[in-house]
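See below for the structure under consideration.
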Amino acid sequence: MGKTFRRGGPAFDIHHERAAHAFYAPGDTIIGHVSRSSALVSPTAIVKITLCGRTKSKIVVSRGNNQRSYYRGRFDVINEHAHLQTIYQGPIHIATEAGAATGPAVWPFAIDIPRTCCRLLRPPPSNQSYLPLNPETVTASPLPDTFTMDHPGWGTNREGFVEYFLKATISFTQGGHHRTDDAFLPINIRTGDPNPPIADFKLRRSRHVASASTFHLLPGMEDAELSFSQKRQEFMGSSKVPRIGGQLEVDIPQVLQLENRTPVHIQMRFVPDPKMTSSGMRGIPAKIALRSMSATITSYTTVLCNGSFSPHHASDDTETNLHLWPPASSGGPPEPLYIPCTDEWPPIDIGERVGFRIPDYLCRRIPGKPIRDLLSPDFVTYNIKHWHNVTFRVVLVAAGQEIKTSVNGKLKILPPTEAAPSTQAGSSSVQQQEEEAPPPAFQGRSESWIHPPAEADAPPTFAEVQKDDLIRKSFDGRGEGETSQGGQASKAEGA
């Protein structure tokens, strides 16, 4: 029961427009071409291509004395016969010149990926599937994501995967003989969430008893050297040693989403309990700092295989460790992060403080990185179940004493949000914003009149005014005569 790997070459090959590690989504169209570069002359040839999808499981149990029992399960999620296309039918002539082919023959194709699973032709008994096998449920089930689990264990090997691939076939006649070549190209499919990125991570609060007992809790004794008597009392657990105690409240998420850029909320605070606090420490505010915090996401996978009398199950789990505090990029010892120590203050959000989210290297496939190293969303298909759990480990320090606790719970991982709308719509909205630009902002009243005028615009001197006055009077005398004559002429015309 092996996976399907890429197979092709100059004789026959498949290419598609996306990178080999890229993801398709149900409903997408795979666009590509089938090619042949090797020389071939045939009067008749047929080129076909189809899309295949299946989920397979396998359990191998060692019985001793080199005896093994094999159990398998297989379901088709895409009917390859329903997607079979004939993309070429006719003669082929790829000649050679100087021992090399003149050029490749290329046949384009476009195949739509279905959104749901295909109908089962031969349904097995209902106890050999995690999903109901009635036709209505089967045809309404979404396609499972591309997935791989392979764990060689001691005495039992378990394997399960969901795979999708293109299969092309060329049949031709050459020299009176009928020949066939095949090519295979695996593709990756991942279902997106149609809803917007989540902002509610379904926080769940848990309470844990936490306490610290030391003379360093007393004000002014934080860094003091303890006497031999004080050390002995601490070692013996004497009631004379100052003590604080209470409930450590930790809020952890129950839902995470791949490729979500919103920081995940992880909140924490300490609520003192007077019954757990010594009388000398009551009324004195506690001072508790966060020393370290990490998270472990455990991925569980169970496979189901057919058996002679009953189905067989096998499970596997893998751990993914994530570091929260102290920040890895701090470059040095970070400043102490103190948590609230009263129920009158809201808890501190450590997740938002450090910008905690699922790293990109666990969400997006890159060349050379196997898909098994990625975090997969929760899913259930016919013979594979996949789910998660999370454990947060917290180390606090109060007056030099460590307080350790761990919080765990179920975790649901959602697929990333589907791609945003096309950029063409975005460009039109930008254009509309440019055409309907708002008026300029109100500008305050100019107060340039307060400043003195420039030297070129200064008022004339007294001598310049007198000179201009004499010139004006000389012109005014002559102008008055002309004006009076003009006035008489006007009167004559009026008469």
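Observations
- The range 204-418 - percent relative contact order, Cα under 8 Å, separation 6 or more: 27
- Full extension of the chain segment joining LYS287 with ARG364 gains 23.6 nm, where the gain is 0.36 nm per residue of separation less the Cα-Cα distance.
- Only Lys, Arg, Asp and Glu carry charge here, each on its Cβ (+1 for the first two, -1 for the last two); on that basis the range 13-189 has a dipole of about 720 debye about its Cα centre.
- For VAL77, the amide hydrogen comes within under 5 Å of the amide hydrogens of GLY53, ARG54, THR55, counting only partners 5 or more places away or on other chains and with H modelled in the peptide plane.
- If the chain linking THR169 and ALA328 were pulled fully straight, counting 0.36 nm for each residue of separation and taking away their Cα-Cα distance, it would gain 52.0 nm.
- Computed over the range 154-215, relative contact order equals 25 percent, with contacts defined as Cα pairs under 8 Å that lie 6+ residues apart.
- 5 angstrom amide H check on ASN188, placed H, neighbours 5+ away: TYR24
- In terms of its C-alpha gyration tensor, the range 204-418 comes out prolate, because a/c is 1.5 or above and the ratio a/b outweighs b/c.
- FRET efficiency for the ALA95 to PHE184 pair, using the beta carbon distance and R₀ = 22 Å, is estimated at 0.20.
- Computing FRET efficiency as 1/(1 + (r/R0)^6) for ASP373 and ARG393, where r is the C-beta to C-beta distance and R0 is 25 Å, gives about 0.65.
- Once the C-beta distance of ARG261 and ASN195 is scaled by a Förster radius of 25 Å, the resulting FRET efficiency is 0.95 to the nearest 0.05.
- Here the simple spin-label model places points 7 Å from the Cα toward Cβ, and for SER239 and LYS202 these points are separated by 4.7 nm.
- Calculated from backbone phi, Karplus (6.51, -1.76, 1.60) coupling profile of the range 403-409 in Hz, x at Gly/Pro: 10, 10, 7, 9, 10, 9, x
- Per-residue ³J(HN,Hα) for the range 378-393, Karplus 6.51 cos²θ - 1.76 cosθ + 1.60, θ = phi - 60°, Hz, x for Gly and Pro: 4, 7, 9, 10, 4, 10, 9, 10, 9, 8, 9, 9, 9, 10, 9, 10
- Spin-label pair ALA19/ARG353, simplified geometry with 7 Å Cα→Cβ offset, distance in nm: 3.6
- Vicinal HN-Hα couplings computed from phi for the range 285-297 (Karplus, 6.51 cos²θ - 1.76 cosθ + 1.60; Hz; Gly/Pro x): x, 6, 10, 10, 10, 8, 8, 7, 8, 9, 10, 10, 9
Read-outs: derived from the displayed coordinates by stated rules, not from any lab. Treat the numbers as computed from the prediction; the structure is a model and nothing was measured. When we count neighbours, we look across all protein chains shown, and the Cβ atoms used for this are built from the backbone with ideal geometry, even at glycine.
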